[in-house]
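Below is one structure, written out as structure tokens; the observations come after it.
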Amino acid sequence: MTAVGASRITSADQARTAAARLAAEFAGGAARRDAERELPFAEIGQLTASGLLAVTVPAELGGADLPPSAVAEIVRLLAVADPNIAQIPHSHFVYVNLLKLAGSDQQRSRYLTAVLDGAQIANAQSERGGATVAEIATTVAPIEAAQRFRIDGTKYYCTGSLFADTLAVLTRLDDPEGRSGLPPGQYVAFLPANAPGVRIVDDWNGLGQRTTGSGTVVFEGVAVERDQLVPRTAAVDAPTAYGASAQLLHAAIDAGIARGALTAATEFVRDKSRPWFEAGVSRAIDDPLVIQRFGELAVTLAAAESTLTTAGAAVDAAVHDSDLVGDASIAVATAKVLADRAANEISGALFEVSGTRSAAADLNLAHFWRNARTHTLHDPVRWKYQHIGRTVLHGTPPPLNGVI
């Protein structure tokens with residue numbers, strides 16, 4: 001996509017209103033887009049034009065500089081309507097944050113001014129084939145007397161890449177002789193999505209989140225300048241709110257899916273379900289067992305949404321006080337556990353409470369469960385429990401790895 005200009009949002013209230021308006025528009029076509037794998041180019045265009053993608057740009061550059069909690073609420077509202085659309089800008093917000101934390105003044109001005117004008121960033125981060133997901137094989141190596149660099153490698157699960165103007169490519173510096181003068185480590189290269197040597201492949205075939213544009217991106221001798229490289233160290237190897245902010249948005253997506261699934265179940269049972277004959281009632285909504293189950297699901301959702309709010313406040317505080325980063329990460333880990341549980345349980349229970357009619361393929365109510373099951377695979381909650389438990393028992397803070 002090409003940046004076409006965007007409105008300016010100046011407050012959290014304005015952002016929430018804009019997100020709620022777009023969510024109402026996006027909800028009606030979500031099941032159909034999922035069923036037909038219709039990529040939401042028009043909807044992402046609306047999202048960009050709304051100015052919501054620029055809400056975290058610093059005030060000195062003309063942005064609203066909204067806190068992580070406000071971004072989480074935007075993402076949650078979008079996820080209630082269409083989790084695919086909610087996930088597409090996730091990495092956009094993450095890499096805007098990286099620029100704020102680790103970019104030079106020139107880089108922040110260059111890329112974040114473009115974001116204000118409607119540019120969208122997508123990730124090219126994950127790889128296959130390494131011993132763990134943390135291993136990065138994609139290289140950035142100096143060429144031409146170390147004044148320029150080339151990138152080579154292949155990335156997978158590049159969410160939003162089909163819609164983006166700019167790709168944020170996670171690389172490792174391949175410079176054993178030190179020709180570039182850059183310290184070793186990981187760098188994020190910001191480059192145009194249509195740069196020579198970049199090939200974006202629409203091959204994402206996951207069972208859920210089908211329209212997120214999460215395909216493969218291949219880099220073959222892609223030329224970049226030194227000022228396109230941002231060292232990742234300042235964001236992930238120091239106590240910053242970088243990881244907690246990113247994880248907060250994942251929890252917001254899951255909480256949004258849970259709310260969307262419960263809303264769909266409520267509407268279906270009210271309007272379409274028939275009561276079980278043994279209940280002795282004429283309406284499904286009067287079946288005491290159905291009422292009981294809805295009560296249980298509502299409590300599960302309330303717990304997820306409440307902890308998301310608490311985690312958002314904790315991350316907001318950590319942005320301004322590095323001593324609070326560990327507390328924020330644990331708060332987000334707690335929210336992620338409960339949002340994961342709520343999304344998967346409620347999207348599955350939708351069929352349990354709605355009955356056989358709800359399984360009709362043309363309704364595609366299964367997209368809630370498929371989206372929940374797919375999105376919650378991003379980072380295992382079993383490790384959230386580990387970090388929480390170690391903090392409780394040992395008093396040790398969670399690790400600095402950018403994913404908690």
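The values are calculated or read from the model by the stated rules, or taken from the named source; none is laboratory data. Note that this is a predicted model, so its numbers are computed, not measured. Positions of Cβ are generated from backbone atoms using ideal geometry, with glycine treated the same way; all protein chains shown enter the neighbour counts.
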Restricting attention to region 381-399, which residues are part of a loop (DSSP other than H, G, I, E, B) and either among the hydroxyl-bearing types (Ser, Thr, Tyr) or surrounded by fewer than 12 Cβ atoms within 10 Å (Cβ to Cβ) (or both)? 395, 396
Looking only at region 348-360, which residues are on the phi < 0 side of the Ramachandran plot and either in contact (Cβ under 8 Å) with a residue 12 or more places away in the chain or surrounded by 21 or more Cβ atoms within 10 Å (Cβ to Cβ) (or both)? 348, 349, 350, 351, 352, 353, 354, 357, 358
Taking residue 20, is it under 30 Å from residue 207 (Cβ atoms) and in contact with a Leu (Cβ under 8 Å, 6 or more places away or on another chain)? yes
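Given the residues 350, 363, which is the only one that is over 29 Å from residue 187 (Cα atoms), out of contact with any Lys or Arg (no Cβ under 7 Å at 6 or more places or on another chain), outside any helix (DSSP H, G or I) and at pLDDT 95 or above? So that I can check it myself, show each step before the final result.
Numbers: 350 fails: outside any helix (DSSP H, G or I).
Going through 350, 363 in turn, the sole match is 363.
In region 52-70, what residues are of a type in the set (Ser, Thr, Tyr) and in contact with a Lys or Arg (Cβ under 9 Å, 6 or more places away or on another chain)?
Residues of region 52-70 that are of a type in the set (Ser, Thr, Tyr), as a first pass: 56, 69.
Within region 52-70, just 56 meets the criteria.
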Looking only at helices (runs of 4 or more DSSP H) that lie completely in region 1-118, which have at least 1 residues being within 16 Å of the chain's Cα centre (by Cα), outside the structural domain of residue 195 (by TED's automatic domain parsing) and not charged (D, E, K, R)? 12-27, 41-49, 68-81, 83-87, 90-102
